[in-house]
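The values are calculated or read from the model by the stated rules, or taken from the named source; none is laboratory data. Model, not experiment: these values are computed from the prediction. Counting neighbours? That spans all protein chains shown, and the Cβs are built from the backbone with ideal geometry, glycine included. SASA here: full protein model, heavy atoms, side chains in, ligands and nucleic acids out. Shrake-Rupley method; radii C 1.70, N 1.55, O 1.52, S 1.80 Å.
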Amino acid sequence: MANNAEIQRRRTFAIISHPDAGKTTLTEKLLLFGGAIHVAGAVKSNKIKKTATSDWMEIEKQRGISVATSVMGFEYEGYKINILDTPGHQDFAEDTYRTLTAVDSVIIVVDVAKGVEMQTRKLMEVCRMRNTPVIIFVNKLDREGRDPFDILDELESELKISVRPLSWPINIGARFKGVYNIYENTLDLFTPDKQRVSERVEIDDVNDPRVDEAVGPVDAAKLREDLELIEGVYPDFDEQEYLAGQVAPVFFGSALNTFGVKELLDCFVKIAPSPKPVVTEERTVAPDEEAFSGFVFKIHANMDPNHRSCIAFLKVCSGKFERNAPYKHIRSGKVMKFSSPTAFMAQKKSVVDEAYPGDIVGLPDTGNFKIGDTLTSGEELHFRGIPSFSPEMFKYIENTDPMKSKQLDKGIQQLMDEGVAQLFTNTFNNRKIIGTVGQLQFEVIQYRLLHEYGAQCRWEPISLYKACWIESDDAEALAAFKKRKHQFMAVDRQGRDVFLADSNYVLQMARQDFPKINFHFTSEF
Ligand code: G4P
């Protein structure tokens with residue numbers, strides 16, 4: 001059992017939320033507890049403000065910041081915690097989906113006034129696909145919001161996961177008095193303070209008269225009533241169900257006031273999983289195997305056009321990653337050595353000599369890596385599970401400088417390798433279609449093609465509803481479908497068949513008329 005102690009103490013996770021629910025604030029408070037930063041306000045928000053969508057230079061600046069905050073590692077009570085940051089702006093949702101393939105669990109932040117919002121719902125779908133264990137933090141209890149029971153119902157119905165409160169708020173907004181920690185039977189009183197940790201009242205259990213003294217008899221009675229209801233309605237918390245992604249424990253608090261955050265963190269380190277076995281096309285790889293393996297889940301380009309270098313983010317899956325050791329890059333068959341791999345502690349990047357399963361290593365790269373690439377000590381392994389999702393916006397990309405078509409092609413290929421967007425080639429007219437999840441990526445692509453590759457492009461509208469990957473066991477049915485829909489057929493970069501549906505109606509009809517064809521909305525099926 002190589003490296004077992006190191007593996008067991010690692011917790012690699014992401015915090016996800018709809019923009020503005022409090023992800024950045026919560027991240028910062030977790031870093032405060034880990035001693036990784038010392039004052040609030042030290043974590044720069046990685047979100048691209050809505051107002052900045054047309055201001056490309058601002059985005060560039062903010063992307064610069066996000067390299068440093070891409071992974072934040074810190075030590076807490078003997079645990080090594082790695083938080084993987086995800087971009088707040090929804091136009092970069094695809095980046096977030098991929099980051100979720102590299103985490104072992106997730107904390108979802110929900111605003112108590114707004115409940116479950118669109119982005120949260122989508123991200124939860126990705127977690128559900130992978131059975132990722134989820135803890136939910138209901139934030140902003142210091143503000144007026146919804147009834148906590150309503151919130152629980154909404155979490156269950158909207159996120160399609162069973163929930164189990166492990167803490168419970170005493171009032172909300174101006175009357176918010178504190179939180180009863182069901183998991184540990186403790187009571188914490190709320191004092192609005194951005195830097196200080198909450199005040200703990202010593203009690204035996206909720207029936208202790210000291211609860212009445214602390215919050216008053218009326219609120220104490222209401223708390224007991226609520227807890228009774230919770231015990232009646234929700235089954236006891238079962239750690240195995242949480243680990244299987246079937247039930248999500250829920251905590252209440254206020255990230256801004258550092259309230260309820262320590263309780264969340266203490267429970268998180270105890271119950272959240274250490275790195276799990278990972279499935280490859282060949283076999284399942286256990287983290288405690290002797291030989292090293294890992295995969296690239298994110299590539300971050302240097303936005304400086306004079307240095308077209310990138311950082312490839314590698315998640316270590318098994319064995320030990322060592323600086324200067326020879327590793328095999330499976331896709332190319334090349335043997336590579338890394339003299340300056342970086343690790344991320346707090347917000348600092350520094351060269352590391354070794355890293356263990358669960359850790360993320362930054363590999364300086366000049367174009368060797370693609371998203372999903374595997375590195376191993378030698379064994380032929382291909383990690384799975386970096387899906388592409390059907391994009392939501394599509395445009396034809398056209399070359400506007402015929403002298404630079406090579407540059408354009410190269411630029412497009414490299415940007416696609418980085419996972420900025422997806423490329424489909426229409427097999428009917430051979431035109432290239434770029435698919436993204438947001439308008440912003442089109443601006444990013446055009447800007448980067450020009451500044452990094454000297455290529456100019458123009459976008460032309462195409463009215464598409466969805467691109468879906470198709471396949472069938474019945475070769476004849478597949479051929480018949482492709483013939484009938486020949487104008488709407490494309491291939492992705494791997495040459496797989498993609499059907500371009502121009503409306504939901506067309507897609508529904510196609511599904512009805514061709515029952516032998518399977519339509520997929522992610523590239524992994
Ligand atoms: P995000 O990363 O999920 O997008 O959210 P972020 O942490 O940036 O928080 C969004 C806004 O909500 C911030 O205010 C933040 O201060 C506020 N906030 C976070 N947690 C709480 C909480 O527990 N209670 C209250 N009342 N507010 C909270 P902002 O005005 O948009 O930004 P800032 O100027 O304060 O940074």
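Residue by residue, here is whether (1) in contact (Cβ under 8 Å) with a residue 24 or more places away in the chain; (2) away from the ligand (no atom under 16 Å from the Cβ); (3) in contact with an Asp or Glu (Cβ under 9 Å, 6 or more places away or on another chain) holds:
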{"position": "Asp142", "(1), (2), (3)": "yes, no, no"}
{"position": "Pro148", "(1), (2), (3)": "yes, no, yes"}
{"position": "Lys160", "(1), (2), (3)": "yes, yes, yes"}
{"position": "Arg164", "(1), (2), (3)": "yes, yes, yes"}
{"position": "Phe176", "(1), (2), (3)": "yes, no, yes"}
{"position": "Asn181", "(1), (2), (3)": "yes, yes, yes"}
{"position": "Phe190", "(1), (2), (3)": "yes, no, yes"}
{"position": "Glu202", "(1), (2), (3)": "no, yes, yes"}
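Tell me, yes or no, whether the range 26-36 has at least one residue that is closer than 20 Å to Ala272 by Cβ, of a type in the set (Asp, Glu) and at pLDDT 90 or above.
no
Filter the range 4-15 down to the residues that are more than 17 Å from the chain's Cα centre (by Cα) and crowded, with 19+ Cβ neighbours inside 10 Å, then identify the one that is nearest to the ligand (Cβ to nearest atom).
Taking the candidates together, the pick is Arg10.
Return yes when Val335 is in a strand (DSSP E or B) and either in contact (Cβ under 8 Å) with a residue 60 or more places away in the chain or surrounded by 12 or more Cβ atoms within 10 Å (Cβ to Cβ) (or both) and no when it is not.
On the way: in a strand (DSSP E or B): yes; either in contact (Cβ under 8 Å) with a residue 60 or more places away in the chain or surrounded by 12 or more Cβ atoms within 10 Å (Cβ to Cβ) (or both): no.
No.
From the residues in the range 455-488 that are open to solvent by less than 60 Å² (accessible area, probe 1.4 Å) and in a loop (DSSP other than H, G, I, E, B), which one is nearest to Asp409 (Cα to Cα)?
Looking at the filtered set, the residue picked out is Ala455.
Give the range 277-290 a look and list any residue that's more than 24 Å from the chain's Cα centre (by Cα) and open to solvent by 50 Å² or more (accessible area, probe 1.4 Å), or say none.
Within the range 277-290, the first condition is being more than 24 Å from the chain's Cα centre (by Cα), and the residues that meet it are 282-283, 288-290.
Result: Glu282, Arg283, Glu290.
Quick one: count up the residues across the range 424-454 that are open to solvent by less than 10 Å² (accessible area, probe 1.4 Å) and either farther than 27 Å from His486 by Cβ or within 28 Å of the chain's Cα centre (by Cα) (or both). Step through it out loud before you land on a result.
Step one: filter the range 424-454 for residues open to solvent by less than 10 Å² (accessible area, probe 1.4 Å), giving 424, 426, 433-436, 438, 440-442, 444-445, 448-449.
This time we only want the ones that are either farther than 27 Å from His486 by Cβ or within 28 Å of the chain's Cα centre (by Cα) (or both), so: 424, 433-436, 438, 440-442, 444-445, 448-449.
Total meeting the criteria: 13.
Residue check: is Gln413 surrounded by fewer than 19 Cβ atoms within 10 Å (Cβ to Cβ) and touching a Phe, Trp or Tyr at 6+ places or on another chain (Cβ under 6 Å)? Spell out the reasoning first.
Numbers: surrounded by fewer than 19 Cβ atoms within 10 Å (Cβ to Cβ): yes; touching a Phe, Trp or Tyr at 6+ places or on another chain (Cβ under 6 Å): no.
Criteria not met by Gln413.
Assess whether Lys44 counts as being in contact with a Ser or Thr (Cβ under 7 Å, 6 or more places away or on another chain), charged (D, E, K, R), at pLDDT below 90 and within 12 Å of the ligand (Cβ to nearest atom). Outline the logic, then answer.
Working: in contact with a Ser or Thr (Cβ under 7 Å, 6 or more places away or on another chain): yes; charged (D, E, K, R): yes; at pLDDT below 90: yes; within 12 Å of the ligand (Cβ to nearest atom): yes.
So Lys44 fits the description; yes.
Can you pull out the residues in the range 497-525 that are open to solvent by 50 Å² or more (accessible area, probe 1.4 Å) and within 25 Å of Arg128 (Cα to Cα)?
Result: Asn504, Gln508, Arg511, Asn518, Phe521, Glu524, Phe525.
In the set Thr69, Thr53, Thr86, which member is surrounded by 24 or more Cβ atoms within 10 Å (Cβ to Cβ) and at pLDDT below 85? Explain how you work it out, then say what you get.
Working: Thr69 fails: surrounded by 24 or more Cβ atoms within 10 Å (Cβ to Cβ); Thr53 fails: surrounded by 24 or more Cβ atoms within 10 Å (Cβ to Cβ).
It is Thr86.
Among the residues of the range 219-243, count how many are open to solvent by less than 60 Å² (accessible area, probe 1.4 Å) and of a type in the set (S, T, N, Q).
Summing the residues that are open to solvent by less than 60 Å² (accessible area, probe 1.4 Å) and of a type in the set (S, T, N, Q) in the range 219-243 gives 0.
With respect to Ala343, determine if the residue is open to solvent by less than 10 Å² (accessible area, probe 1.4 Å), more than 30 Å from Arg164 (Cβ to Cβ) and at pLDDT below 90.
no
Give the residue that is nearest to Leu314 (Cα to Cα), with candidates limited to residues of the range 347-358 that are open to solvent by 10 Å² or more (accessible area, probe 1.4 Å) and not in a strand (DSSP E or B).
Taking the range 347-358 as the starting set, the residues that turn out to be open to solvent by 10 Å² or more (accessible area, probe 1.4 Å) are 347-354, 356.
Imposing the further condition that a residue be not in a strand (DSSP E or B) reduces the set to 347, 352-353, 356.
On the way: Gln347: 17, Val352: 13, Asp353: 15, Tyr356: 11 Å.
The residue in question is Tyr356.
Take the range 16-27 and flag every residue that is surrounded by fewer than 24 Cβ atoms within 10 Å (Cβ to Cβ) and more than 6 Å from the ligand (Cβ to nearest atom).
His18, Thr27
Can we say Val491 is surrounded by 15 or more Cβ atoms within 10 Å (Cβ to Cβ) and touching a residue at least 12 places away in the same chain (Cβ under 8 Å)?
Judged against the criteria, Val491 is not a match.
Condition first: loosely packed, with under 13 Cβ neighbours inside 10 Å and not acidic (Asp, Glu). Now tell me which residues in the range 198-218 satisfy that.
From the range 198-218, those loosely packed, with under 13 Cβ neighbours inside 10 Å are 202, 204-205, 207, 209, 213, 217-218; that's our starting set.
Residues satisfying the conditions are Asn207, Pro209, Pro217, Val218.
With Lys404, Lys432 as the choices, which residue is modelled with pLDDT of 95 or more and either closer than 29 Å to Lys334 by Cα or not polar (S, T, N, Q) (or both)?
On the way: Lys404 fails: modelled with pLDDT of 95 or more.
None of the others qualify; the one that does is Lys432.
Looking at the range 244-262 only, could you name the residues that are more than 16 Å from the ligand (Cβ to nearest atom) and either surrounded by fewer than 17 Cβ atoms within 10 Å (Cβ to Cβ) or within 16 Å of Ile15 (Cβ to Cβ) (or both)?
Listed by number, the residues that qualify are Ala244, Gln246, Ala248, Pro249.
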